[in-house]
Every structure is written in C-alpha cells, then in structure tokens.
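Read-outs throughout are calculated quantities, based only on the coordinates presented, and are distinct from any laboratory measurement. Small disclaimer: the values here were computed from a predicted structure and weren't measured. Reconstructed Cβ throughout: ideal geometry from the backbone, glycine too, with neighbour counts over all protein chains shown.
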Amino acid sequence: MFLGTSDHHLDSKGRVILPTDFREQLGESFYITMGFNRCAQVMSVEEFDRLREQIRQLPADKALSLQYLLISPAKLVSPNSQGRIIIPQKLREDAGLSADVTVVGMDTRIEIWDKATFDDFMEQQKQASVKEALELLRL
C-alpha cells in the first residue's frame, strides 16, 4: 500500500526520486503512465497487468478509449542507482509537470503531480467537501 505525500524536484533530464519505501514496494521495474487526473501515475507490474485485464473486459469503445489514455503512453521503468526514474518527455508535457512535483501515495498506485496543480486541486477538494458536508448538515 502506498501512503503519504512528499515534494520533490524534477531535474533537467526529467528524472525524479521516488521515496525509498515506494521503490521497495514497486520492485526493480514498474510502469509509469498518464494518471486519472492531470498527473502521471506509477504502478507495479502486477497492478498494471490487473488494470490492463480489467480494461480488456470493458465494451470495445470504452476499452479503446482507456487503452489510448492509459496503456499506449505507458513505459516500463527502473530506478537508477540514486533511486531516480525518468518520466518520458511526452508524459511530462501531458501531465503538465514542471520542476517542482508532488509524489502522492494512492493505495495501489502512486501519482506524480505538478506541485502547484496538486495544491490547487487539493484546495478545490477541501472546498467541495466542506460545502457538501455543510449542505448535508443543512447549515
């Protein structure tokens, strides 16, 4: 299980260090692809294979859409001796990643967000959740 949030720096070659405990859980090689939000996501080989299999079970039009979004940009990566992984240029562009990123543990996967985008997203989530809770309480 991946838990926690930490800020990191994307170097000029598009590399980022993943937290040690995340790398230990992922193994020697793992997949990076587009995320479900405007981010990149990292999954173990097993989790990625499970996702691929689930996509195959969907109706053809839905499966094709998800294959374009999640499967086609995927790349198998391995951390270097410093624990850095390279995020492919196209994926960095599509996810809107700049030099400052936030790495987020999301249970079975990891998300890599542009820090400013993540901060804005979290602020929106907080506001939406508070508003909904107040409505449920009729306050």
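Going through the stretch 49-139, which chymotrypsin sites (Phe, Trp or Tyr not before Pro) have at most 15 other Cβ atoms within 10 Å and a DSSP loop state? Walk me through the intermediate numbers first.
On the way: sites: TYR68, TRP113, PHE118, PHE121; in loops: none.
Nothing satisfies the criteria.
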Rg from C-alpha atoms of the chain, normalised by the globular rule of thumb 2.2 N^0.38 Å, equals 1.14
Cleavage-rule hits, trypsin sites (Lys or Arg not before Pro), the stretch 1-94, DSSP coil, Cβ neighbours within 10 Å at most 12: LYS13
Which one, MET43, SER81, PRO59, is farthest towards the positive end of the dipole of the stretch 18-139 when Lys and Arg carry +1 and Asp and Glu -1 on their Cβ? PRO59
Taking the alpha-carbon distance from LYS126 and a cut-off under 16 Å, which aspartates and glutamates remain once sequence neighbours fewer than 8 residues away in the same chain are dropped? GLU135
